[in-house]
1. Among the residues of segment 107-127, write down those that are of a type in the set (Ser, Thr, Tyr) and not in a helix (DSSP H, G or I).
2. Failed condition for Lys226, given (1) in a loop (DSSP other than H, G, I, E, B); (2) under 21 Å from the mean Cα position of the chain (by Cα); (3) surrounded by fewer than 19 Cβ atoms within 10 Å (Cβ to Cβ), with all others met?
3. For the structure I just gave you, tell me whether Leu239 is buried (at least 19 other Cβ atoms within 10 Å of the Cβ) and not in a loop (DSSP other than H, G, I, E, B).
4. Any idea which of (1) farther than 23 Å from Val269 by Cα; (2) in contact with a Cys (Cβ under 8 Å, 6 or more places away or on another chain); (3) not aromatic (Phe, Trp, Tyr); (4) not in a loop (DSSP other than H, G, I, E, B) is the one Arg130 doesn't satisfy?
5. Given the residues Pro125, Pro100, Pro136, which is the only one that is under 29 Å from Thr73 (Cβ atoms), more than 14 Å from the ligand (Cβ to nearest atom) and within 20 Å of the chain's Cα centre (by Cα)?
6. Which one of these is under 20 Å from Ala162 (Cα atoms) and assigned to a loop (DSSP other than H, G, I, E, B): Gly215, Gly271?
7. Looking at (1) within 19 Å of Ile5 (Cβ to Cβ); (2) without any contact (Cβ under 8 Å) to a residue 12 or more places away in the chain, which is the one condition that is false for Asp233?
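The values are calculated or read from the model by the stated rules, or taken from the named source; none is laboratory data. If you're wondering where the values come from, they're calculated on a predicted model, not measured in any experiment. Cβ sites come from the backbone with ideal geometry, for glycine too, and all protein chains shown count toward neighbours.
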Amino acid sequence: MARNIIDGKKVAGIILQQIHEDVQEWVGRGNRPPKLQAILIGDDPASRTYVGAKTKACREVGIESDTVSFPDTISVRELKEEIRKFNRDDGIDGILLQLPLPGHLHPSQVIETIDHRKDVDGFHPMNVGRLAVGQPTFRSCTPAGILELFRYYSVMTKGRNAVVVGASNIVGSPMAIMLSRENNSGKATTTLCHKYTRDLTQHTIQADILIVAVGSPKLITGQMVKEGVVVIDVGINRLTDVTSKKGYRLVGDCDFDSVSEKASLITPVPGGVGPMTVAMLMKNTLLAAKKSIYPSKE
Ligand code: NAD
């Protein structure tokens, strides 16, 4: 790896090893292994790949998992009923609803049905609310994984200018909350940009830390960042590539060549943020099994 490349795969591997040991210790004390229930809707190949990566990680760390697939014609009512069954099942600790959902299923409506104590993705309003006010919570996996990368690479956020581009509920918004909180994690001066931001460069050029989660290849170029910036590229975009076996290659939201020339640290795509998201899902599932966030019936 080049000097300024953040190796997410390596850091995720270290975290998974620790989780494996913690699971062994938990089971050694007479508890059943944690269990993750994945829900896959429709036949989007990318979603199938992501769920496959998550269940593979479960096997590696000793977490049990099961995946149930529903056709993309499933109604909101039917899906909610299925989720309620998983909520009631004491043998299930975490529920993973793979996004995106087909158009007729509104994520917020369905996510609210998941028991917040099993919401290992950290998308339920209860968990997002607790994040916003600094209470223990299931933190959204991608931004939580990014903070772990900062910890591993000793990236200080306190008092620095952090700019988040992309304001989704699953990445950008919780990232901005984590970075901006004064009394835990971030302590950064945080700017959250989105599609209505006028003159994006005016903001990105100020960033000591730049996090990009948009889904737009080469949105950020070298001219838009300052020398020494730490860049986290969350975007995953499939570009057609006939020379590749799969017929496509993955790229992020940054023009890697020009941005990496100026960055002091940068995540590659793939191999940067993606593995950390999976590792943090494992961590949340273990926390759910141990009832660490919600100790009693809340
Ligand atoms: P999204 O698709 O829900 O929303 C995109 C966001 O980008 C919106 O807030 C929108 O306002 C903003 N945006 C769009 N165009 C913009 C522009 N020109 N300038 C500034 N902001 C703009 O976002 P998402 O679900 O967070 O996904 C973003 C990307 O991150 C996708 O490529 C997705 O595949 C990827 N992703 C990766 C991981 C991972 O683990 N690596 C996890 C989740 C998402």
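1. Hit for segment 107-127 is Thr113, nothing else.
2. That leaves (2) as the condition not met.
3. Judged against the criteria, Leu239 is not a match.
4. Result: Arg130 passes all but (2).
5. Pro125
6. Gly215
7. (2)
To keep it simple, each residue is scored yes or no on (1) farther than 19 Å from Ser292 by Cβ; (2) more than 12 Å from the ligand (Cβ to nearest atom); (3) touching a residue at least 12 places away in the same chain (Cβ under 8 Å).
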{"position": "Thr142", "(1), (2), (3)": "yes, no, yes"}
{"position": "Gly172", "(1), (2), (3)": "yes, no, yes"}
{"position": "Met178", "(1), (2), (3)": "no, yes, yes"}
{"position": "Arg181", "(1), (2), (3)": "yes, yes, yes"}
{"position": "Cys193", "(1), (2), (3)": "yes, no, yes"}
{"position": "Thr204", "(1), (2), (3)": "yes, no, yes"}
{"position": "Ala207", "(1), (2), (3)": "yes, yes, yes"}
{"position": "Ala213", "(1), (2), (3)": "yes, no, yes"}
